[in-house]
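Here's the structure we're looking at; comments come further down.
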Amino acid sequence: GPLKIKNDLIKKEFNESDINDYLKEIDDSIWEEKIKKQIKKYLSNKRLSTNMIKLKLLNDLSIKGYSKEMIYPLIENISLNDENNIKEEYKKAYKKYSTKFKDNELKQKITNYLLRKGYNYSDINNLV
């Protein structure tokens, strides 16, 4: 991203004003395409909730040097069908924990598992 490029060039002792001038010449649509490519990659991961995908995208893109002002407009409209995903993850968790735990302890383990995946507590309680 542009911020990472800028920081790397400053470390190599390039003039900051020259860097800013050069980065301004680059069309924003190029940066947007790179962000959209990253979003597409994350959306292929069906195991994560919408919230978790947004958080991971925000974190990863920030590390790669994109500003939050560039990221937010592109990720705010992301929505997946979490209902099907949470049911699949519930089945996996139940299969994993049902042999070791019973009743409330099983419910607690499944709830924690789904919370770590980024699902809402209310959605989890409706399912469990």
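The values are calculated or read from the model by the stated rules, or taken from the named source; none is laboratory data. Being a predicted model, the structure only gives us computed values, none of them experimental. SASA here: full protein model, heavy atoms, side chains in, ligands and nucleic acids out. Shrake-Rupley method; radii C 1.70, N 1.55, O 1.52, S 1.80 Å.
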Seminar exercise, completed: Here region 100-107 yields Karplus 3J(HN,Hα) values (6.51, -1.76, 1.60; θ = phi - 60°; whole Hz; Gly and Pro given as x) of 9, 10, 10, 6, 5, 5, 4, 4
Exercise. Under the rule of -39500 (n - 2.57) per DSSP H run of 4 or more residues, summed and divided by the residues of the chain, what mean residue ellipticity at 222 nm is obtained, to the nearest 500 deg cm²/dmol?
Worked result: -23000 deg cm²/dmol
Seminar exercise, completed: In nanometres, the difference between 0.36 nm per residue of separation and the alpha-carbon distance of Asp8 and Leu55 is 14.4 nm
For this session: May I ask you to evaluate 6.51 cos²θ - 1.76 cosθ + 1.60, the Karplus curve with θ = phi - 60°, for each residue of region 108-118 and list the ³J(HN,Hα) values in order in whole Hz, giving x for glycine and proline?
Result: 5, 5, 5, 4, 4, 4, 6, 5, 5, 7, x
Problem set entry | Per residue value of the accessible surface for the chain (all protein chains in place, 1.4 Å probe), Å² | 70
Problem set entry | Phi-based couplings in Hz for region 13-28 (Karplus 6.51, -1.76, 1.60; Gly and Pro marked x) | 6, 7, 6, 5, 5, 5, 4, 4, 4, 5, 5, 5, 6, 7, 5, 4
Problem set entry | Which listed pairs, of Lys12/Lys34; Lys96/Lys117; Lys40/Lys87; Lys6/Lys117; Lys68/Lys92, have C-alpha distances above 27 Å, in listed order | Lys6/Lys117; Lys68/Lys92
